[in-house]
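The structure appears below as structure tokens.
The values are calculated or read from the model by the stated rules, or taken from the named source; none is laboratory data. Remember, predicted model here, so these are calculated numbers, not experimental data. Reconstructed Cβ throughout: ideal geometry from the backbone, glycine too, with neighbour counts over all protein chains shown.
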Amino acid sequence: MGLLARKNDVDRRQYVRREWRPSAVIRRHDGGDDVQCVLQDVSVAGACVQLEDSRALPPYFMLVVPAEQIELNCVLVWADNALAGIRFR
């Protein structure tokens with residue numbers, strides 16, 4: 001039922017997201033350990049990332065995608081177990 005409900009929900013996002021699944025690293029600004037993750041989808045404003053435990057994320061961090069040489073300052077918007085929504089700053 002949960003999947004059906006999500007599929008029928010109205011998408012209120014301002015920007016279209018596209019699937020993109022590179023490996024990435026969440027680099028904490030406080031010098032703590034990096035957190036490995038995989039992007040799930042991305043838009044011009046933010047992304048959804050999959051990681052072992054989203055509770056490990058600080059409110060502000062740097063998202064690094066080494067294969068693309070991308071580094072973006074981010075804000076944590078929501079977290080739910082192994083997924084997190086982030087906004088680019």
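List the number of the failed condition for Ala84; all other conditions in (1) touching a helix residue (DSSP H, G or I) at 6+ places or on another chain (Cβ under 7 Å); (2) among the hydrophobic types (A, V, I, L, M, F, W, C); (3) surrounded by 15 or more Cβ atoms within 10 Å (Cβ to Cβ); (4) at pLDDT below 95 hold.
Here Ala84 meets the rest and fails (4).
Being loosely packed, with under 12 Cβ neighbours inside 10 Å and not polar (S, T, N, Q) is the filter here, so list the residues in segment 41-69 that pass it.
Hits for segment 41-69 are Val44, Glu52, Asp53, Arg55, Pro59, Pro66, Ala67, Glu68.
Residue check, Asp53 against (1) under 19 Å from Pro22 (Cα atoms); (2) of a type outside the set (A, V, I, L, M, F, W, C); (3) at pLDDT 95 or above, all met but one. Which one?
Every listed condition holds for Asp53 apart from (3).
Within segment 21-40, take every residue that is crowded, with 16+ Cβ neighbours inside 10 Å and of a type outside the set (A, V, I, L, M) and give me the one that is farthest from the chain's Cα centre (by Cα).
Arg27
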